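Engineer: One structure, as structure tokens, below. Some questions next.
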Amino acid sequence: MEHSSQDVYEMHAIVKGEVQGVGFRALTRYQAQGLGLRGTVRNLSDGTVEIYAQGSKQRLEELIQKLKEEALPGQIEEASIEYFPIEQCHDDFRILH
């Protein structure tokens with residue numbers, strides 16, 4: 001079966017860099033809500049930030065692009081991104097503590 005850009009996916013991203021204690025999770029939530037995405041963002045103990053977001057692949061890619069544009073230069077060193085079929089839907093986009 002062909003997949004269109006309107007198919008809905010879950011994106012799992014791990015963002016490395018200076019991303020904790022600088023408002024990155026709030027920025028992620030703000031951008032995700034603006035794109036109509038659902039999911040979660042949280043700090044991990046190794047200093048990275050984990051993002052789960054659900055929406056069309058185009059919107060998910062836009063989220064990562066917007067984060068790279070809004071972040072301070074050099075703030076995001078690396079982002080590993082994977083896409084999966086959605087197993088459980090999120091109600092909104094939340095910051096997890």
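The values are calculated or read from the model by the stated rules, or taken from the named source; none is laboratory data. All values derive from a computational prediction rather than experimental measurement. A quick note on method: Cβ atoms are made from the backbone with ideal geometry, for glycine too, and the neighbour counts reach across all protein chains shown. We work out accessible area using only protein heavy atoms, side chains counted, and drop any ligands, DNA or RNA first. Shrake-Rupley method; radii C 1.70, N 1.55, O 1.52, S 1.80 Å.
Engineer: Are any residues in region 33-61 open to solvent by 30 Å² or more (accessible area, probe 1.4 Å), within 20 Å of residue 17 (Cβ to Cβ) and in a strand (DSSP E or B), and if so, which ones?
Structural biologist: If the condition is that a residue be open to solvent by 30 Å² or more (accessible area, probe 1.4 Å), within 20 Å of residue 17 (Cβ to Cβ) and in a strand (DSSP E or B), then 42, 43, 52 are the ones that fit.
Engineer: Something else now. Pull up region 81-97, narrow it to residues that are within 17 Å of residue 14 (Cα to Cα) and not basic (Lys, Arg), then point me to the one that is most open to solvent (accessible area, probe 1.4 Å). It would help to see each step written out before you state the result.
Structural biologist: Our first condition is that a residue be within 17 Å of residue 14 (Cα to Cα); within region 81-97, this holds for 81-84, 93-97.
From what's left, not basic (Lys, Arg): 81-84, 93, 95-97.
Details: 81: 61, 82: 97, 83: 72, 84: 87, 93: 8, 95: 37, 96: 62, 97: 195 Å².
Residue satisfying both the conditions and the ranking: 97.
Engineer: Output the residues belonging to region 16-32 that are outside any loop (DSSP other than H, G, I, E, B) and either open to solvent by 40 Å² or more (accessible area, probe 1.4 Å) or not aromatic (Phe, Trp, Tyr) (or both). Let's see the steps before the verdict.
Structural biologist: Within region 16-32, the subset outside any loop (DSSP other than H, G, I, E, B) is 16-17, 24-32.
16, 17, 25, 26, 27, 28, 29, 30, 31, 32 - these are the residues of region 16-32 that are outside any loop (DSSP other than H, G, I, E, B) and either open to solvent by 40 Å² or more (accessible area, probe 1.4 Å) or not aromatic (Phe, Trp, Tyr) (or both).
Engineer: Please list, ordered by first then second residue, the pairs with beta carbon atoms under 9 Å, 6 or more apart or interchain, first in region 72-86 and farther than 13 Å from residue 48 by Cβ and free of Cβ contacts under 8 Å to residues at least 60 places away in the same chain, second open to solvent by less than 60 Å² (accessible area, probe 1.4 Å) and assigned to a strand (DSSP E or B).
Structural biologist: 74/17
Engineer: So which residues in region 62-80 are open to solvent by less than 90 Å² (accessible area, probe 1.4 Å) and assigned to a helix (DSSP H, G or I)?
Structural biologist: We begin by selecting, within region 62-80, every residue open to solvent by less than 90 Å² (accessible area, probe 1.4 Å); these are 62-64, 66-67, 71, 74-76, 79-80.
The answer is 62, 63, 64, 66, 67.
Engineer: List pairs: first in region 11-30 and within 17 Å of residue 77 (Cα to Cα) and among the acidic types (Asp, Glu), second modelled with pLDDT of 95 or more and outside any strand (DSSP E or B), Cβ under 8 Å, 6+ apart or cross-chain?
Structural biologist: Qualifying pairs under 8 Å: none.
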